[in-house]
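All remarks here apply to the structure that follows.
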Amino acid sequence: MKFFICILALQQLYVQSVAQDFDFFYFVLQWPGAYCDSRHSCCYPKTGKPAADFGIHGLWPNYKTGGWPQNCNPDSQFDDLRVSDLMSELQREWPTLSCPSNDGMKFWTHEWEKHGTCAESELDQHDYFEAGLKLKQKANLLHALTNAGIKPDDKFYEIKEIEKTIKEATGFAPGIECNKDSSHNSQLYQIYLCVDTSASKFINCPVMPHGRCDSRVQFPKF
């Protein structure tokens, strides 16, 4: 009996160690104008066109070595009832632009099951989505950029100025990913900020994401 209890205890420790096996989060914000002005098919959510603001793409556990865990707990499924009090905020701040037009449930299910389940040692489902919403508010990137004269007006801006502005606003250098529109213009697409394992504060990125941008990029209208 004691042997059996020891085996169970060791299994539990193993599960916990696997669940805690990540070093930081990428918090990824996406500019909807660049998503829709590219090869992606773009459909507005059933709630209507999102605001012209950065939307949350995800909060992704990562390793310092450059890899990441995914789909860590198949038994932990997304349950909209657990985030019912956050639903209006999720629709506004974490909207889906995928086609066909939908209510966001598929998007949030994917983010939780692929990424969120790998951070359950730190955050339950409600805490995970709430953390993403709080981080977006804390970063307030569009406000910082527009205050610096960098606006979503289809004009081109120096990528170094964008990086500098975001670093001044958050205290930390961002990773920036660009995409190409049909005219092959390099566009501001996604911004990566690194976050500690409690998902409460920004940190220096242990590993910068690999994003290709021209020296000047377009900030497309939305």
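Only one of the numbered conditions (1) farther than 18 Å from Tyr192 by Cα; (2) under 14 Å from the mean Cα position of the chain (by Cα) is violated by Asn147, and that is (2). Does Asp53 satisfy the condition of being open to solvent by 10 Å² or more (accessible area, probe 1.4 Å), outside any strand (DSSP E or B), charged (D, E, K, R) and closer than 16 Å to Thr197 by Cβ? Criteria not met by Asp53.
Of all residues in segment 107-135 being of a type in the set (A, V, I, L, M, F, W, C) and within 19 Å of Tyr35 (Cβ to Cβ), which is surrounded by the fewest Cβ atoms within 10 Å (Cβ to Cβ)? Among those residues, the one meeting the criterion is Phe107.
Residue-level analysis places Gln137 outside the set of residues that are within 21 Å of Cys42 (Cβ to Cβ), among the polar types (S, T, N, Q) and modelled with pLDDT of 95 or more.
The residue of segment 17-50 that is nearest to Asn185 (Cα to Cα), among those that are assigned to a strand (DSSP E or B) and out of contact with any Pro (no Cβ under 8 Å at 6 or more places or on another chain), is Gln30. Scanning segment 114-133 for residues that are over 12 Å from the mean Cα position of the chain (by Cα), assigned to a helix (DSSP H, G or I) and of a type outside the set (A, V, I, L, M, F, W, C) turns up Lys114, Thr117, Gln125, His126, Asp127, Glu130. Looking only at segment 146-163, residues that are touching a strand residue (DSSP E or B) at 6+ places or on another chain (Cβ under 9 Å) and without any contact (Cβ under 8 Å) to a residue 60 or more places away in the chain come to 5 in all.
The residues of segment 168-190 that are more than 22 Å from Cys118 (Cβ to Cβ), of a type outside the set (Gly, Ala, Ser) and surrounded by 14 or more Cβ atoms within 10 Å (Cβ to Cβ), listed by number, are Thr170, Phe172, Pro174, Ile176, Cys178, Asn179, Lys180, Asp181, Asn185, Gln187, Leu188, Tyr189.
The set of residues in segment 115-134 that are acidic (Asp, Glu) and either within 14 Å of Asp85 (Cα to Cα) or touching a residue at least 60 places away in the same chain (Cβ under 8 Å) (or both) comprises Glu120, Glu122, Asp127, Glu130. When segment 72-106 is filtered for residues that are open to solvent by less than 40 Å² (accessible area, probe 1.4 Å) and touching a His at 6+ places or on another chain (Cβ under 9 Å), the ones remaining, listed by number, are Phe78, Val83, Leu86, Trp94, Leu97. Here Phe219 does not fit the description of being closer than 23 Å to Ala131 by Cβ and open to solvent by less than 80 Å² (accessible area, probe 1.4 Å). Among the residues of segment 61-71, the one identified as open to solvent by 50 Å² or more (accessible area, probe 1.4 Å) and in contact with a Cys (Cβ under 7 Å, 6 or more places away or on another chain) is Gln70. The residue that is surrounded by the fewest Cβ atoms within 10 Å (Cβ to Cβ), among those in segment 16-31 that are over 13 Å from the mean Cα position of the chain (by Cα) and modelled with pLDDT of 95 or more, is Asp23.
The values are calculated or read from the model by the stated rules, or taken from the named source; none is laboratory data. All values reported here derive from a predicted model rather than from experimental measurement. So basically every Cβ, Gly included, is an ideal-geometry build from the backbone, and we count neighbours across all protein chains shown. Remember, those area values only see protein heavy atoms, side chains included, never the ligands or the DNA or RNA. Shrake-Rupley method; radii C 1.70, N 1.55, O 1.52, S 1.80 Å.
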